[in-house]
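The block underneath contains the structure these notes are about, expressed in structure tokens.
The values are calculated or read from the model by the stated rules, or taken from the named source; none is laboratory data. Values in this document were obtained by computation on a predicted structure and should not be read as measured data. Ideal geometry is used to build each Cβ from the backbone, glycine not excepted, and the neighbour counts take in all protein chains shown.
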Amino acid sequence: MGKRKSKLENPKSKIQTAVRSSSVPPWIDLPRDVTANILHRLGAIEILETAQKVCATWRSVCQDPAMWRVIEMKYLDGPDWPYDLNLMCSHAVDRSQGQLIDIHIEYLGDDQLMQHISQRSSHLRRLTLACCYDISCEALIEAVKRFPELEELHLIIMPSVLAGDIETIGISCPKLKSFTFNERGCMYPLLEESELDEFAEEADCNECAVAVAKTMPNLRHLRLFANEMKNEGLQAILDGCPHLESLDLRQCYGIDLGGVLGKRCCQQIKHLKLPSDSVADYEWDAGDSCEEDGNSSWCSDKYSWGYFDDYTNPFPSEYFSDDEIWFLGHDYL
């Protein structure tokens, strides 16, 4: 499955270290807005699980709806992760009291959570879903219909979302200015050029690009990392999205920018990333762990994903026993 390059630290460690270092809290006299700024950088999980339990002052700040206008919720792989993250995320949304404008979730979520967010966040402007395999395209579409102010939608490795869904999303979100639909990356094409042409005859590789072009005319920023589109798809985007300022085409190996189309891209797009451009700044695994296999180069970790069950919950049931879902027993309210 998709993954980030860097490992994130234990969510409890930073707070616990600070608490143990002094018996007299030095943060009590900080202005409330400064305290809120500091705590917000910890993330939703750290706030709910640890920060709000440190002292009455921090608890008061953590209960302020303004603290929950932006929510970032990520599953961190490791043995010390006994939380029901969907329930935790729902509670964070409730705390916003309708003020939520930006939510980012990774490796968690289901249709029920998506519905919960949509029912309580009518002012949402930015939604990011990354590797949320248990959120169906149907639930996503129904949710975005409730976000009339949505300006940014970022879908990263969401295999259930198809071209028809993108078209429906575009129609439902007329204010959309930034859209991301990133596939799994691979440093080199897994198929030879002749095989790519044969594959293109069997499937319309331009469907997603055409869906974007038809329904998102107001886009300023578009990322289609590792998309399978050909030149026809890119042509449709340039025609249908005349206001584009930035376009990420990295690892879109089906595109040939050697002719007139390439010149038009350079002239029309202010910030353009080409298929062969570096992925060093890409925040997700882009297939940079490669090895030689016979006569072709391929990325073993990306190649193996093709045999992964994309729709399997990333939190296997055997990971926790029933009495290890501690969130229900914790005092978060």
Only one of these conditions is not met by Arg95: (1) touching a Leu at 6+ places or on another chain (Cβ under 8 Å); (2) of a type in the set (D, E, K, R); (3) without any contact (Cβ under 8 Å) to a residue 40 or more places away in the chain. Which number is it?
(1)
Can you tell me how many residues within region 127-148 are in contact (Cβ under 8 Å) with a residue 40 or more places away in the chain and over 18 Å from Glu183 (Cβ atoms)?
1
When residues of region 224-272 are filtered for being closer than 21 Å to Asn182 by Cβ, free of Cβ contacts under 8 Å to residues at least 24 places away in the same chain and surrounded by fewer than 18 Cβ atoms within 10 Å (Cβ to Cβ), how many remain?
0
Does Ile45 meet the test of being modelled with pLDDT of 80 or more and of a type in the set (Val, Ile, Thr)?
yes
Residue in region 188-205 that is assigned to a helix (DSSP H, G or I), out of contact with any Lys or Arg (no Cβ under 7 Å at 6 or more places or on another chain) and at pLDDT 95 or above present
no
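Let's see how each residue does on (1) assigned to a helix (DSSP H, G or I); (2) modelled with pLDDT of 70 or more; (3) more than 21 Å from the chain's Cα centre (by Cα):
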{"residue": "Ala18", "(1), (2), (3)": "yes, no, yes"}
{"residue": "Ile28", "(1), (2), (3)": "no, yes, yes"}
{"residue": "Trp58", "(1), (2), (3)": "yes, yes, yes"}
{"residue": "Asp80", "(1), (2), (3)": "no, no, yes"}
Across region 86-136, what is the number of residues that are in a helix (DSSP H, G or I) and closer than 24 Å to Asp64 by Cβ?
16
Check on Gly258, on the phi > 0 side of the Ramachandran plot and modelled with pLDDT under 90
no
